[in-house]
1. Separation between the residue B:296 and residue B:259 pseudo-spin-labels, each 7 Å from Cα along Cα→Cβ, expressed in nm?
2. Only residues of region B:125-165 count here: report those whose backbone N is under 16 Å from the spot 7 Å along Cα→Cβ of residue B:427, or say none.
3. For the protein assembly as shown, what is the percent of antiparallel DSSP beta bridges, rounded to the nearest 5?
4. Compute the long axis of helix B:375-385 from its Cα atoms, compare it with the longest principal axis of the Cα atoms of chain B, and write down the angle in degrees, 0 to 90, nearest 10.
5. Which angle from 0 to 90°, rounded to the nearest 10, does the C-alpha axis of helix A:222-237 make with the longest principal axis of chain A?
6. In whole angstrom, how far apart do the alpha carbon centroids of region A:150-214 and region B:379-440 sit?
7. May I ask you to derive the relative contact order of chain C, considering only C-alpha pairs under 8 Å and at least 6 residues apart, and to give it as an integer percent?
8. For peptide B:132-139, what's the mean number of Cβ atoms from other chains within 10 Å of each residue's Cβ?
């Protein structure tokens, strides 16, 4: 344990604090805050380009929002959620399983470094290139169909990209592959923060690995599970590259893989600033709620987590006490 | 920071050099243009401002670029990566290529033209290319120069061009673009498959089997019975219907869907359900493969440029880039032939426009003159590339000569094109055609594949068009 | 630490479990690697070979495909790599340096709005930048920065996630005594930060530099809206162009090679540094 000095930094140094954090806040204000405000502002205007002529800005009140909610928004919002869930459920399930195995001291799995390296790899891949690759692999005359047909599993090529669920499944699979490694490693860190004596006690009491997982691991890493889920949900709301490239911006059969950001991109692309603004504001509000959740999970639960990581002694005591209670 | 970026830069230029070196060693014979300028590649790809003028040309693919590089007499040198072309007087031609799809090229071009005034002289757009599907949008604006009044072409220069190629880019008698090609459409079929299905591969006889849609459908059924597909995909016959609509798509702020478009929908749905097509989409890899050695498709609707630019490329087993020559024996070269098909139509066509604000008017005039008006160059392009050029006299000469296309098994397709070119009517083209066409094809693809019913497809079409063109408020469907 | 299994049956159960784990792990690894294997194989085959069908064995046309990609002016890979490198390296450097600076500012000094500043950064941490894309685009158009790298590089100075990581790291590993000792020696505040604090933060800087670099390398949404001219485009834009520009698909060998060029450098660097990176995620990484 490192002894932490009280930060009593005398008053004379205060200005340095402002100087040091100034670049961050100036850049944030210029490139994010001001754009955000103008985005909100334009969402109340009719403002688009017709050919080479600019129409507006004419104040339109809530017209953009009414159009948005009465027509397309619900559909794209649920598309985004569905695509996210398809990727997230296998992601969290597999990640939990792998994290539990990797940290299971009795299993003593060999080659962990290799497996961890492999499963994390897809996370670093350019999403657009990954989607392009999947597009090539899963097209009607692509290698995947060629393999399926040569194995005799199907006689006609399966049209993955032209069916609603084929397309969604591919997006889900890509998101899963890109993120489960990252999640696994985060969950591992959380599980390793749990005091091992707890498992020893449980083992003495004859708990099966299964029971230990559900009764000890899951409850103790719940905060981080929440954190993983919320950040993943925010990531899901931003989903763009993969479905955009996979469907060439068309959003799949019957627009079922058009996500919120793709919809935003369509409007940005055709310079319909009013509608783009309205979509942005809706996204902003949803994300703001999620951000607040993350904020509280970080500030309130954070203590517990950092303790788990850096303050093992204290955590172990607490955990051991709990174990003594729960074991009997 | 500075250090890092400089190192990256060195690294990147290292890559370029290696690439150029590879080109030099590996190029067996074919890529003479690339290999010839290895030494200058680094210099040429660097700074175009290095001396002399800069001519900025905006386009969406390399078709015009290769015409320019091959046939413009002033060309001195081409950069290894083809991003610039240097002319004999030291002018550097800078190519800006943005893909066409999803209005991408139009949006980028809009942006460029709107910034024209504030741009530095060497960044100003001098020449931009437009397609028939949206030519009007630019022609009917102040951003495009009059080829006679502003650029200085004479009536004599333009005399041999097909009238329709001048009409479509004219507003109130002011012509604002000119093209080197005319684009009548034909039906290109596989000789071997026609022999198997119809017992003949002679263009005149095959045409007699395909001369209207009922007959065409009958042949489709026969081809299906023999294990072939009549067409490759959903959009193959689209142009034959969309060119024969009764009125332009858009009237004011209303899209009027023509009855003929719904005929296309019905026919394609029938073909899809009966297995007469291969469920591909225009330009996708299945579609391209269907035109090649492994394809089992009877034929393709293609206009002039498609035959030498696309079909020929797709028909080869070994691409030209890999050092193989396009000749009989490479893939199915020689197995195609063309006939008129059930309905006259045109497809595509590229016009050269001069941009207002350009500081290179004389050069623009010379480019237009040499590449669209010069009879000798026009004729040479057709003889070399089998493209159909925009010079009535030269084309008639070739049509009545003993000219033969090796790719089309010895047929003189120029004669057929010369006939078809006279029938082209572009009076129903409008500024919104590209966006509408893409949305229409995409929306109804879901209907063909069975993902949605017809009414949903109609709804999706409306949504998608309005994302592109917020000003179009209504869609009227034929009763 | 764990107790050794006592009986033979327990041992058997354990090895059965272990076998099952390995099976699943191998399957998952296969899933992760298989696609890249096809990518590599197909990038070495000609267009015609690819169309004829799938093969597990690589072809012989790797150099041809590579050459064809480089020679194609429509997808200027050379300048794409250069642009991506410039943008990613600069963003990574700025984002790491200024995040460390901000984190140190909040860690080491007491000032009135310190708590508020920290709270604000945490609140905006997970806010996607896309929500302000519209205003951002208009702003940079007005500033004349369209089609320039500046709007892609400079905003990375304000990178809340990187900041948060740095702050965590400082909390854990920088005793204030060191700073105070430096002050007594007469070091200025910036000197202290640059010459004493930064070296201590090296591991955190390195890990975050890698992540910032990769994030920027892979970024598509904003660059696609900002960059117009071919010589400015970054790799992801070229990939998207490959997907939409159909005339480029004459040659699937070229398509695969292009994807490989976009993906493989990152993979190679990753494999070289993998131990370091994987540890890095876990290191500060509870909140990655």
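Rule-based calculations on the coordinates, nothing more; no lab input. Since this is a predicted model, take the numbers as computed values, not measurements. As a convention, Cβ positions derive from the backbone with ideal geometry for all residues, glycine included, and neighbour counts pool all protein chains shown.
1. Label at residue B:296, label at residue B:259, 3.8 nm between them.
2. B:163-165
3. Restricted to the protein assembly as shown, the bridges split so that about 70 percent are antiparallel.
4. Result, in degrees: 60.
5. 10 degrees
6. For region A:150-214 versus region B:379-440, the Cα centre distance is 58 Å.
7. On the way: 260 pairs, mean separation 89.3, N = 288.
Value for chain C: 31 percent.
8. What the average comes to for B:132-139 is 1.
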